[in-house]
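Q: I am attaching a structure below and will ask some questions about it afterwards.
The values are calculated or read from the model by the stated rules, or taken from the named source; none is laboratory data. Keep in mind the model is a prediction, meaning the values are calculated, not measured. So basically every Cβ, Gly included, is an ideal-geometry build from the backbone, and we count neighbours across all protein chains shown.
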Amino acid sequence: MRRSVVGIVSNSYLQDDSYPVQLAGTANLEAIYNVTKAMPVIFPALPAITNIDELCERFDGILLTGARPNIHPSEYGEAETEAHGVFDRDRDAVTLPLIRSCVQLGVPILGICRGFQEFNVAFGGSLHPEIREISGRMNHRMPPDGTIDEKFAMRHDVELVPGGHFAKIFGKDIVTTNSLHGQGIKDAGSRIIIEGYATDGTPEALRVENATNFAYAVQWHPEWNASQDNVSKPLFEAFGSAMMCNIG
């Protein structure tokens, strides 16, 4: 049986403040290879050279990673403000239709952080530009100081719907996760089922209603230390199992 191949979306960066490049975090590649046992392949988030149909045909699964740029608010009917931060309109143009195509065609797809937000927007949902400014919410952003391990350290619990899809994956109703995001779901999209919330009410885990295959996303970063973490590992294992079922 051949190894599954996972397409991992890249992100736009300027190297030396002038040279445009497409990158993906090493932890994402390692999580796919070490836990799902699939081959990770980075594809460009550039609509001019990326064909959605070909991505769905050639890859056994898709991973939408986190990224510093945010989804442009025009994608969910709102005006741009300073609070919305920086954007990657090319990634918007690739990932939003890609999510809908994967769900329609039954291609397993996993969203992380920005990918979680993309799932929601792809199905008509909206986002808060800065959830730490909402009364009663904690600061979910990455700590500005400390080592990389300290920045990705576990920071809060996520309460899951008892008996739900995520609770079955993790084998428990409460999990502890890291937190490195500024934005969050405001209104859920038409097919978005929220199955996990942080203790302050921030949505943290979702699935697509009536999807024929794996269509899940989380607001935290499970790629970090995925081989050892008892929450990250079963999530990637479930993603890998879905791909293996697809290729027989």
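Q: Limited to the stretch 204-246, what total is found for residues that are of a type in the set (Ser, Thr, Tyr), more than 15 Å from the chain's Cα centre (by Cα) and either outside any loop (DSSP other than H, G, I, E, B) or over 17 Å from Met154 (Cβ atoms) (or both)?
A: 2
Q: Among the candidates Ile71, Ile131, which residue alone is of a type in the set (A, V, I, L, M), buried (at least 22 other Cβ atoms within 10 Å of the Cβ) and touching a Lys or Arg at 6+ places or on another chain (Cβ under 6 Å)?
A: Answer to the check: Ile131.
Q: For the stretch 1-55, which fully contained strands (runs of 3 or more DSSP E) count at least 2 residues that are of a type outside the set (Ser, Thr, Tyr) and in contact with a Pro (Cβ under 6 Å, 6 or more places away or on another chain)?
A: Passing ranges, in order: 5-9.
Q: Does at least one position in the stretch 210-219 carry a residue that is out of contact with any Leu (no Cβ under 6 Å at 6 or more places or on another chain) and free of Cβ contacts under 8 Å to residues at least 60 places away in the same chain?
A: Yes: one or more hits.
Q: Now a separate question. Go through the stretch 84-101 and count every residue that is more than 25 Å from Phe59 (Cβ to Cβ) and at pLDDT 95 or above.
A: 0
Quick grid of which residues meet (1) among the hydrophobic types (A, V, I, L, M, F, W, C); (2) surrounded by fewer than 13 Cβ atoms within 10 Å (Cβ to Cβ); (3) touching a strand residue (DSSP E or B) at 6+ places or on another chain (Cβ under 9 Å):
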{"site": "Phe43", "(1), (2), (3)": "yes, no, yes"}
{"site": "Ile62", "(1), (2), (3)": "yes, no, yes"}
{"site": "Asp92", "(1), (2), (3)": "no, no, no"}
{"site": "Thr95", "(1), (2), (3)": "no, no, yes"}
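Q: For Asp53, are the conditions met, namely being closer than 20 Å to Phe119 by Cα, surrounded by fewer than 20 Cβ atoms within 10 Å (Cβ to Cβ) and not polar (S, T, N, Q)?
A: yes
Q: Next question. Can you run down the residue pairs with Cβ atoms below 9 Å, 6 or more apart or on separate chains, where the first is in the stretch 74-88 and under 17 Å from Ser12 (Cβ atoms) and the partner is surrounded by 13 or more Cβ atoms within 10 Å (Cβ to Cβ) and of a type in the set (Gly, Ala, Ser)?
A: Going by the 9 Å Cβ cut-off, the qualifying pairs are Glu75/Ala122; Gly85/Gly182; Asp88/Ser12; Asp88/Ala45; Asp88/Ala67.
Q: Among Asp157, Asp229, which is surrounded by fewer than 16 Cβ atoms within 10 Å (Cβ to Cβ) and either over 28 Å from Lys37 (Cβ atoms) or acidic (Asp, Glu) (or both)?
A: Asp157
Q: Any idea which residue in the stretch 68-83 is modelled with the lowest pLDDT, counting only those that are part of a loop (DSSP other than H, G, I, E, B) and within 18 Å of the chain's Cα centre (by Cα)?
A: Arg68
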